[in-house]
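The values are calculated or read from the model by the stated rules, or taken from the named source; none is laboratory data. Keep in mind it's a predicted model, so treat the numbers as computed, not measured. Glycine also receives a Cβ, built like all others from the backbone with ideal geometry; neighbour counts cover every protein chain displayed. Accessible surface areas use protein heavy atoms only, side chains included; no ligands, DNA or RNA. Shrake-Rupley method; radii C 1.70, N 1.55, O 1.52, S 1.80 Å.
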Amino acid sequence: WTEPVNYSAAAMSLASWMPQGSVPVLPPADPAHDHSTSQKQLAQLRTIYQRGVTHPMTGLDQFWQEYEAFERSHSDSLGTILVAEWLPKYQHARSIYLERNRVWTVHELKGGRLAVPPIGCNVEGAVAGVSTSGIGTMGGAGAAGVVGAGDDFGGEATGGAGAAGTGKPLSDSEYMAQMEDERVVLSKWRRRAAYERTNPERLSATDHASRVRASYSEEVCAFARHPEVWYEWSQWELLHGGSVAASTVSNSANTSDAQPSNQGTASAALIAPAKAGDAKSGGNAIRAVAVLGLGMESLPDSALLAQAQAEILERHLAGESKVACIKVLEQFVKRSPTTLGFVLLQRLVRRHQGVDAARSVFSNARRTLQVREEDLSLENEDGTGVSAATKQKDGINKDETND
């Protein structure tokens with residue numbers, strides 16, 4: 001690539017084919033003729049080679065041989081010095097690559113796995129907007145439901161017994177087998193994240209955080225319907241760097257960047273946390289809130305994610321986030337009204353707004369949870385269509401009228 005192109009010789013070979021008296025127009029001079037440009041290209045190519053030999057990857061040995069030949073082809077003395085300087089870094093990258101293959105492989109992680117609910121969750125209830133916390137006979141696809149299990153980037157969808165959407169009841173043996181497969185795959189992803197947290201490549205703090213964050217991002221792609229995965233990611237974001245306080249973050253940043261319902265804001269907090277503060281001023285707490293916000297978009301009925309986000313807003317962010325933590329649980333009980341959600345909301349309101357506000361929450365919970373949809377649809381065997389919950393409600397109303 002450093003040899004200049006001889007345009008003059010090419011023009012002379014074409015002159016015999018051109019009309020009499022015409023002069024061929026030569027292209028601009030080759031940049032390789034310019035010594036300064038050639039040296040810049042040489043330096044840039046050397047930088048690319050040196051960065052590549054320090055990256056643990058497949059084909060690293062061949063890449064090192066190409067770099068060694070590249071350096072020696074230009075200057076034997078300088079090449080010997082540079083090769084000796086970068087040899088330990090190459091050996092370290094090679095050892096990391098071999099060690100990483102012993103810890104996890106792409107085949108073991110099943111990168112093409114479909115993000116389905118955990119084994120045993122009621123898939124039909126999740127689609128209808130009902131809480132999926134109950135365990136039924138419906139089974140998720142689990143580790144068997146993958147897109148191209150042999151090829152992580154394509155292939156036809158395959159599913160084992162009890163795959164999501166099939167509606168097949170699972171036997172005890174099938175249920176336990178799928179539970180074990182799912183547990184093994186999830187443990188492999190957790191092992192990978194734990195290994196990356198040790199910083200085996202000796203990266204800088206910024207690069208190491210990006211590497212760990214990338215491993216969690218890939219994990220939630222395969223287990224987006226598992227709340228514990230989102231929770232573990234948020235806890236790492238919260239504890240990374242040792243930041244526990246956010247007294248210097250402005251209230252405007254808290255109210256605008258910590259809303260769980262705004263997907264764009266949550267993504268922006270993950271990409272550019274410096275907008276709301278650095279590692280010592282609450283940037284980690286904002287990242288954790290953003291992760292939980294993305295998790296609740298996939299799991300809107302998860303009490304674990306809602307409570308974790310409310311706790312982070314309450315403890316680690318100052319100012320108006322005290323009100324924001326209450327709004328998180330209020331939105332949760334509107335999406336998925338459950339006894340647990342109202343209990344968590346009542347305790348939080350009691351701490352920040354007093355007894356009267358907590359009693360108001362209890363009254364709202366009593367009205368919301370008194371008669372459920374499934375109770376109204378439950379008919380008597382005689383076909384009268386009057387449910388026990390409806391009779392109970394009528395009795396309560398009569399008592400209130402008498403009082």
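So D76 clears everything in (1) farther than 20 Å from R211 by Cα; (2) exposed (fewer than 15 other Cβ atoms within 10 Å of the Cβ); (3) touching a residue at least 12 places away in the same chain (Cβ under 8 Å) except one condition, right? Which one? Of everything listed in (1) farther than 20 Å from R211 by Cα; (2) exposed (fewer than 15 other Cβ atoms within 10 Å of the Cβ); (3) touching a residue at least 12 places away in the same chain (Cβ under 8 Å), D76 misses just condition (3). Restricting to segment 101-114, and then to whatever is under 14 Å from E218 (Cβ atoms) and out of contact with any helix residue (DSSP H, G or I) (no Cβ under 6 Å at 6 or more places or on another chain), can you tell me which residue is most open to solvent (accessible area, probe 1.4 Å)? The qualifying residue most open to solvent (accessible area, probe 1.4 Å) is V106. With the condition kept exactly as written, say whether any residue in segment 76-98 is out of contact with any helix residue (DSSP H, G or I) (no Cβ under 6 Å at 6 or more places or on another chain), modelled with pLDDT of 90 or more and part of a loop (DSSP other than H, G, I, E, B). Within segment 76-98 (the criterion being out of contact with any helix residue (DSSP H, G or I) (no Cβ under 6 Å at 6 or more places or on another chain), modelled with pLDDT of 90 or more and part of a loop (DSSP other than H, G, I, E, B)), the answer is no, since none of the residues qualifies.
The set of residues in segment 328-363 being open to solvent by 40 Å² or more (accessible area, probe 1.4 Å) and in contact (Cβ under 8 Å) with a residue 24 or more places away in the chain consists of Q331, R335, P337, T339, L340, H352, Q353.
Consider segment 79-100 and keep the residues that are open to solvent by less than 80 Å² (accessible area, probe 1.4 Å), under 30 Å from L42 (Cα atoms) and among the aliphatic types (A, V, I, L, M). The one that is nearest to the chain's Cα centre (by Cα) is I96.
Does segment 229-243 contain any residue that is in a helix (DSSP H, G or I), farther than 16 Å from Q309 by Cβ, of a type in the set (D, E) and at pLDDT 50 or above?
Initial filter on segment 229-243 (in a helix (DSSP H, G or I)): 229-242.
So of that shortlist, the ones also farther than 16 Å from Q309 by Cβ come out as 240-242.
In the following step, the residues that additionally are of a type in the set (D, E) were identified as none.
No, because not a single residue in segment 229-243 is in a helix (DSSP H, G or I), farther than 16 Å from Q309 by Cβ, of a type in the set (D, E) and at pLDDT 50 or above.
V220 satisfies every condition listed in (1) modelled with pLDDT of 90 or more; (2) more than 17 Å from the chain's Cα centre (by Cα) except (2).
Looking across segment 187-212, the residues that are part of a helix (DSSP H, G or I), open to solvent by 40 Å² or more (accessible area, probe 1.4 Å) and in contact (Cβ under 8 Å) with a residue 12 or more places away in the chain come down to K188, R190, R191, R197, A205, R211.
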